[in-house]
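Structure, as structure tokens:
The values are calculated or read from the model by the stated rules, or taken from the named source; none is laboratory data. Since we're looking at a predicted model, the values are computed, not measured. Please note: Cβ atoms are built from the backbone with ideal geometry, for glycine as well, and neighbour counts cover all protein chains shown. Surface accessibility is based on the protein's heavy atoms, side chains included, excluding ligands, DNA and RNA. Shrake-Rupley method; radii C 1.70, N 1.55, O 1.52, S 1.80 Å.
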Amino acid sequence: MLRTPLTLIAGPLGSGKTTLLRHILATQRGKIAIVMNEFGEIAIDTKVIEGKNVRIAELGGGCVCCSLLGEFEAAVNEIIETIAPERIVVETTGLAEPEALVFNIQEALPQCRLDGVVSVIDADMLIRFPELGHTTRLQIEGADILLLNKIDLIEPGQIEPLETKLREINATAAVVRTERCRIDPELLFGIGRERKIAPAEPGSPIPATTHKHQAEFESFAFTSSKIFSRDCFEGFANGLPASVVRAKGFIRFADGAQLFNFVAGRWELEPFEFDRTELVFIGRDIAAEKETILRVLDECTVKMTKHE
């Protein structure tokens with residue numbers, strides 16, 4: 001049986017996984033199928049890659065490495081049966097730990113061949129927050145290729161120590177420096193390294209009980225058809241509380257919509273065609289901040305006069 005190669009894209013929240021996916025779709029020819037899974041109520045990342053002549057199977061609200069494993073298998077099976085892609089690319093949520101998903105791919109999806117795990121690491125975040133969390137460490141350990149991304153945001157002399165840090169955690173993975181995840185996709189595919197990963201206990205299909213990351217993070221969403229003031233929104237983005245680790249989505253201004261990306265205090269806007277505002281906020285214990293965040297955001301709506 002000819003098995004479909006499957007590439008897993010992992011990495012912390014906001015590291016650039018969807019940016020890498022968009023780059024792959026823009027530069028790689030052939031029939032690629034995408035499986036996306038997001039943490040949050042609105043699947044912002046899926047909207048970003050709609051219309052790229054590619055099949056998207058969207059898994060929302062959880063994490064492919066634990067609660068959605070059954071749904072993940074069903075999505076992959078449906079993709080293979082209906083469109084027979086040349087390869088499948090799985091983008092995980094930033095909270096995913098690759099090892100359990102790797103095991104599941106090899107044990108429960110015999111029609112697939114794990115081609116490799118690519119982890120995207122935010123260089124700027126490593127400088128600003130050098131203490132690695134448990135999940136980030138596992139994402140580094142489990143990679144075949146490490147993309148040290150956003151190197152344009154740090155000093156040149158800081159890059160090599162970061163590479164050394166990554167190699168101390170994973171001595172076998174290739175470390176590739178990137179800006180906005182611009183890399184020849186051919187470097188990401190054809191790795192073909194099978195892994196020997198055993199379950200936690202004999203007879204247990206997935207070591208799911210070891211994954212507790214979902215409880216650590218919370219998310220909420222905001223949608224609106226109103227027009228927002230750019231100056232006010234920029235002030236809003238600058239004032240987001242430290243508990244917000246990640247925010248993303250679309251914001252509609254008078255001169256058109258923008259794709260909004262926020263990672264731990266740093267943010268950017270990029271022109272994007274969209275007809276409404278949809279934002280997702282992800283963070284630690286942010287439920288207490290939700291009312292204030294949404295109130296301040298609502299104050300940025302453009303007040304229309306009777307003559308308009």
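With the requirement that a residue be out of contact with any Phe, Trp or Tyr (no Cβ under 6 Å at 6 or more places or on another chain) and not basic (Lys, Arg), what does the stretch 259-268 give you? Even if it seems obvious, please write down each step before you answer.
Step one: list which residues in the stretch 259-268 are out of contact with any Phe, Trp or Tyr (no Cβ under 6 Å at 6 or more places or on another chain), which gives 260-268.
Correct list: 260, 261, 262, 263, 264, 265, 267, 268.
With respect to residue 140, is the statement that it is at pLDDT below 90, surrounded by 17 or more Cβ atoms within 10 Å (Cβ to Cβ) and hydrophobic (A, V, I, L, M, F, W, C) true?
No; evaluated as a whole, the condition is false for this residue.
Given the options 71, 58, 81, 41, name the one that is of a type in the set (Asp, Glu), more than 25 Å from residue 107 (Cβ to Cβ) and either at pLDDT below 80 or surrounded by fewer than 18 Cβ atoms within 10 Å (Cβ to Cβ) (or both).
On inspection, the qualifying residue turns out to be 41.
Could you tell me whether residue 103 is part of a loop (DSSP other than H, G, I, E, B) and within 21 Å of the chain's Cα centre (by Cα)? So that I can check it myself, show each step before the final result.
Numbers: part of a loop (DSSP other than H, G, I, E, B): no; within 21 Å of the chain's Cα centre (by Cα): yes.
No; evaluated as a whole, the condition is false for this residue.
How about the stretch 190-308: which helices (runs of 4 or more DSSP H) wholly inside it have at least 3 residues that are at pLDDT 95 or above, open to solvent by less than 20 Å² (accessible area, probe 1.4 Å) and within 28 Å of residue 89 (Cβ to Cβ)? Before the answer, list the steps.
Details: elements: 213-216, 230-238, 290-298.
Per the criteria, no element qualifies.
Mind counting the residues in the stretch 127-156 that are more than 14 Å from residue 95 (Cα to Cα) and either part of a strand (DSSP E or B) or among the aliphatic types (A, V, I, L, M) (or both)?
So the count comes out to 10.
Any residue at all in the stretch 114-125 that is in contact with a Gly (Cβ under 8 Å, 6 or more places away or on another chain), farther than 22 Å from residue 266 by Cα, not small (Gly, Ala, Ser) and not in a strand (DSSP E or B)?
No, the stretch 114-125 contains no residue that is in contact with a Gly (Cβ under 8 Å, 6 or more places away or on another chain), farther than 22 Å from residue 266 by Cα, not small (Gly, Ala, Ser) and not in a strand (DSSP E or B).
Just to check your reading of the model, which residue among 101, 95 is modelled with pLDDT under 80 and either surrounded by fewer than 21 Cβ atoms within 10 Å (Cβ to Cβ) or more than 19 Å from residue 181 (Cα to Cα) (or both)?
Result of the check over 101, 95: 95.
Residues that are open to solvent by less than 10 Å² (accessible area, probe 1.4 Å), in contact with a strand residue (DSSP E or B) (Cβ under 9 Å, 6 or more places away or on another chain), closer than 24 Å to residue 260 by Cα and at pLDDT 85 or above: does the stretch 21-28 have at least one?
Yes: one or more hits.
When residue 171 is evaluated against the numbered criteria (1) surrounded by 12 or more Cβ atoms within 10 Å (Cβ to Cβ); (2) at pLDDT 80 or above, which criterion, by number, is the only one it fails?
Of the numbered conditions (1) surrounded by 12 or more Cβ atoms within 10 Å (Cβ to Cβ); (2) at pLDDT 80 or above, the odd one out for residue 171 is (1).
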